[in-house]
Structures are given as C-alpha cells and as structure tokens.
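Asker: One structure, pasted below without further comment.
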Amino acid sequence: MTDDLVTRGDARPTPVPHPSPSTPLDPETARRNTVVIWVLIVGAFVVILNETVMGVALPHLMEDLDISAVAAQWLTTAFLLTMSVVIPTTGFMLQRFRTRPIFIAAMTLFTAGTLIAALAPGFEVLLVGRVVQAGGTAIMLPLLMTTVMQLEPPATRGRRMGSISVVIAVAPAIGPTISGLILSTFSWRFMFVFVLPIAAAVLALGWALMKDVTETRDAPIDALSIVLSALGFGGIVFGLSRIGEASGGDLPLSTVASLAVGAIAIALFVWRQLVLQRVDDALLDLRTFRSRTFSVSIAMFVIMMMSLFGMIILLPIFMQEVLGLTVLQSGLLLLPGGVLMGLCARPVGRAVDRFGPRPLLIPGSAIVAGVLWTLATVLSPDTPWQVLLACHVALSAGLALMFTPLFTASLGALPRHLYSHGSATVSTIQQVAAAAGTALFVSTMAAIAADQMSGGADEVSAVATGIRTAYLIAAALATTSIAAAFFIERPIDAPETGHAMH
C-alpha cells in the first residue's frame, strides 16, 4: 500500500487559514507563527518533564508511603493511561476550538494537578493529582505537533521537529535527574512544589503571547468512541500491570478478563471509527493508516517508547536496589544521556531535511537494539556503574537518531486535513506504548524476582534477574525495528520533489 492512497477516500478536508506550504509567508505572519510554536514548545517541555519525575522517586515513595513496587508504578502508569484516554479526543478538540483557549485549558489543568499533588496527604490524592496533570499534558502534545505541521514549511520541518524531539525525548530523559536532585535534599512533595511556579509562569506567558492560528468547524464528538477507547486502553494496561502480582505462574481470572475486555473494546473502537469516518465524523480518523510510512512509523514509535520508559523506570530501580546507589547518584548517572539527546536534536533535524529519515533510522534502531541486548546480558549485582552510564548514553544516542526522523516522516506522509488525526494517533500510540511498557517491564521484574526469592535467592540477586529478564523482552522487540526502518520513506512533500502535497 503506497503513501498516495492516504489522499483518497471520502474525507472532507477541514478549512485551514494558512497558505499552501509552498507559499512564502509575510514577515509579520512568520514572526507570529514562530512565537506561537515556541510558546507551545516551552509549555510542552514543562508538562512532559513532569511525566518521568517519578522514575527515580519510586523506591523513595515505596518507603515513605508504604506501598509496593507494583502500586508505586501506577503513579507513572495512571499518568500515561489518562493521556492515552484523553489524546484520542484531541483530534475533535483541535477542529472544534481555537489554539489559544486549548493551550490555556491544557496549562490550567496541568497547574491544578501539580497543586493537588504538592498538597497530597497520601498515595490516593497524589494519584489524583497525577491524573489531573495528565489531562493537561494529553492536550498539549497533539496541539504542538498539529500546529507545527500546519505552520512550518516542509523544507524546515526536520529542524522544527528536532525542537519537538527535545520535548518528547529529552524532557522525560532528564526528569529522573531533576527528581534525584530534589529528593537528595527535600521530600517527594517538593517535586511538585518546585514545578508549580514554573507551570503558573508558562500559563501566564501563554495568556499574554498565544494567538489563534487555526480556523474551526462544527466537528461532532462520539461518546461511544470515548467509552470504547477508555475501556480498551485501560483494560490492556491494567491487565499488564496485574501480571506482576501473579508470581506463581497462574494468572488471576481478573487479569485475563481485563486483557480480554481491553482487546474487545479496542476492536470495537476501530470498527466504530471505520464507520464514522465514512461521513467524516470519526473521533480518530484511521485513514491515516493507509499510508505505509505512517503505519510503519507507528510500529517503531511503540518500540521506541517502550525502550525509553523501560530504561527510565528500570535503571533507577537497579541502581538503588541492586547497586545501592543513592537517589541523587542514580539521577546524575542519567543526566549525560538526556543532555546528549538535547544536543543531537537540531543536528539530527537538519540531517533529516537534507538526507531523509532512513539513513538515520537504520543505525539508530541498531544502536537501541544493541544496547538493550547488552543490558539483558551483563546486568548483575557486580556490574560497574560505568557500564550503566555507557549503556544509557548509547541508548540516548540511538533514540536521538530515531525520534525526529519518525515525527517528520509519519506526519509528513499525511494530507493536511489529517494532521490533527495523525498527531492524535501518534500521541495516543506513544502514551499507550509507554504505559504498557512500564506495566510490562515492572510486572515482569516483580514476577521474576518473587519467583527467584521463593527459590532461595537473596533479594538483590532476585531483583537483578528480574530486571535482566525485562530487558531481554525489550531487546527482542527492539530488534524488529531494524528491519522496519528500511520501509520508512521520505515525506511526499519533501523539498526536492518540487511540489507541495496538495
């Protein structure tokens, strides 16, 4: 199936206020667009940074709040799950509402959730705060990507997507370092206390500078689709998280039922969208998948996000519970990789504009797979911390070579009227993959460690074996991305083609 099929069908393009990507912009419009994009980037960086602050803090929270590892990981999983439920609705939001009110609503939700978490007296209220935060974060991601695709000319999209990859990849990567620095001196509550004034400042910045840059239409919203997406993604992630509670090898009936309900609901959700998109009323238009490049990119996004969050969640646990490092030490060990991803973002974006995505994706996917196989082989209580540092830096380099090319290629393969649905699909898949990966890896670690200890192994060795097994699963998944990289094509509106997409 070729990429040009995505422009066919009975979709009615949504009205857009911007000229064709090949039409030069006047200086005033170009300045306005730049301001809008950078306000969105700053806002998205703040909200995404918060997505992984719990990584290093999990062992700390388990002790302070007296909760298990499986319960503690829900502070991350619930955040990601909420995003996966809310993001599918953003395709509707971005067509129905203008840019400025959507941005203000997103930052208001995030700020309110941060306040709730900062004042939380215990685990339950803290979890509520994380869910409210996730509601704002879920809106921000598709808003940023859709706006960039509408405003940025094809010739410079790679560079701009490089800036976005800083948000999507670097912010989660340095989150554990920042939380480690905070927890070395303060209690877990201050992870939110310090973020609160920054979130409020970004909200004020957006209130002052954000402009409306899109037109709207009377897009409908299908309540049944929202219910099905919540049941589907929620059932899958919940079922995966319950696997870790079954150390004896037999899955509880509730776990099997949850996975089954999730799979059925997702199947019904897909069927519902296929029906609704015939009259252009789908909550998430699946005609985006008629593009082979978009479909393969989505598959690679799944592997990437699972790899990234597996590293972010499992490495701090290994550093603290197996090697005996402090929260601050484990956070600092993750800093160089995050810095490297930030430094690579713009050069990788320029390389995408010049050479296309494939020459970067092939070595990037090979590096990611190689690092994960290494971790699955060498991790033990005797592993030097220098090995972990080298692996994290190498994995960060591999992911840096993949994020920007995939963003540019996936959305660039779509016609303009499907940008909002494409952005929502990419964001949904990313968050579901991250939530599923977090649940799967932590659950695998917990199950294997419990089995090891029941067989007489000490706790440190048992945890090391559990984490090594989780990375073995991640490595097997990542290996498939090497072959997939060969099927990613240059976007059809790339500069050298000599014509715009429409």
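The values are calculated or read from the model by the stated rules, or taken from the named source; none is laboratory data. Note that this is a predicted model, so its numbers are computed, not measured. Quick reminder, even Gly has a Cβ in these numbers, built from the backbone with ideal geometry, and neighbours come from all protein chains shown. To get the accessible areas, we keep the full protein, side chains included, count just its heavy atoms, and leave off ligands, DNA and RNA. Shrake-Rupley method; radii C 1.70, N 1.55, O 1.52, S 1.80 Å.
Asker: For region 278-301, how many residues meet the condition of being buried (at least 20 other Cβ atoms within 10 Å of the Cβ) and in a helix (DSSP H, G or I)?
Answerer: Summing the residues that are buried (at least 20 other Cβ atoms within 10 Å of the Cβ) and in a helix (DSSP H, G or I) in region 278-301 gives 10.
Asker: List the residue pairs whose Cβ atoms are under 7 Å apart, where the first residue sits in region 67-84 and is more than 23 Å from ILE226 (Cβ to Cβ), the second is not in a helix (DSSP H, G or I), and the two are 6 or more positions apart or on different chains.
Answerer: Listed pairs, sorted by first residue: VAL70/GLY244; VAL70/GLU245.
Asker: Moving on to the next point. Determine whether LEU477 is modelled with pLDDT of 80 or more, part of a helix (DSSP H, G or I) and either open to solvent by 50 Å² or more (accessible area, probe 1.4 Å) or touching a Leu at 6+ places or on another chain (Cβ under 8 Å) (or both).
Answerer: So LEU477 passes the test.
Asker: Answer yes or no as to whether SER380 is open to solvent by less than 20 Å² (accessible area, probe 1.4 Å) and at pLDDT below 90.
Answerer: no
Asker: Going by the conditions given, is VAL371 crowded, with 20+ Cβ neighbours inside 10 Å, closer than 27 Å to VAL296 by Cβ and free of Cβ contacts under 8 Å to residues at least 60 places away in the same chain?
Answerer: So VAL371 fits the description; yes.
Asker: Can you tell me how many residues within region 153-188 are assigned to a loop (DSSP other than H, G, I, E, B) and either under 14 Å from the mean Cα position of the chain (by Cα) or at pLDDT 75 or above (or both)?
Answerer: 5
Asker: Where residues in region 442-474 are acidic (Asp, Glu) and surrounded by fewer than 16 Cβ atoms within 10 Å (Cβ to Cβ), which of them is farthest from GLU321 (Cα to Cα)?
Answerer: ASP458
Asker: Would you check if SER420 is of a type in the set (Gly, Ala, Ser), in a helix (DSSP H, G or I) and farther than 23 Å from GLU51 by Cα?
Answerer: When the stated conditions are applied, SER420 does not pass them.
Asker: For region 387-395, indicate whether the set of residues that are closer than 19 Å to ILE298 by Cα, open to solvent by less than 40 Å² (accessible area, probe 1.4 Å) and touching a residue at least 60 places away in the same chain (Cβ under 8 Å) is non-empty.
Answerer: No, because not a single residue in region 387-395 is closer than 19 Å to ILE298 by Cα, open to solvent by less than 40 Å² (accessible area, probe 1.4 Å) and touching a residue at least 60 places away in the same chain (Cβ under 8 Å).
Asker: Does any residue in region 266-290 that is among the small types (Gly, Ala, Ser) come within less than 6 Å, Cβ to Cβ, of a residue that is assigned to a helix (DSSP H, G or I) six or more places away or on a different chain, and which pairs are these?
Answerer: ALA282/GLN273; ALA282/LEU276
Asker: Restricting to region 235-268, and then to whatever is in a helix (DSSP H, G or I) and modelled with pLDDT under 75, can you tell me which residue is nearest to LEU144 (Cα to Cα)?
Answerer: Checked region 235-268; the qualifying residue nearest to LEU144 (Cα to Cα) is VAL237.
Asker: Tell me, yes or no, whether region 325-345 has at least one residue that is free of Cβ contacts under 8 Å to residues at least 12 places away in the same chain and either buried (at least 24 other Cβ atoms within 10 Å of the Cβ) or in a helix (DSSP H, G or I) (or both).
Answerer: Yes, region 325-345 has at least one match.
Asker: Here's a follow-up. Give THR29, THR14, THR23 a once-over and let me know the one that is touching a Lys or Arg at 6+ places or on another chain (Cβ under 6 Å), modelled with pLDDT under 80 and of a type in the set (Ser, Thr, Tyr).
Answerer: Just one listed residue meets the conditions, THR14.
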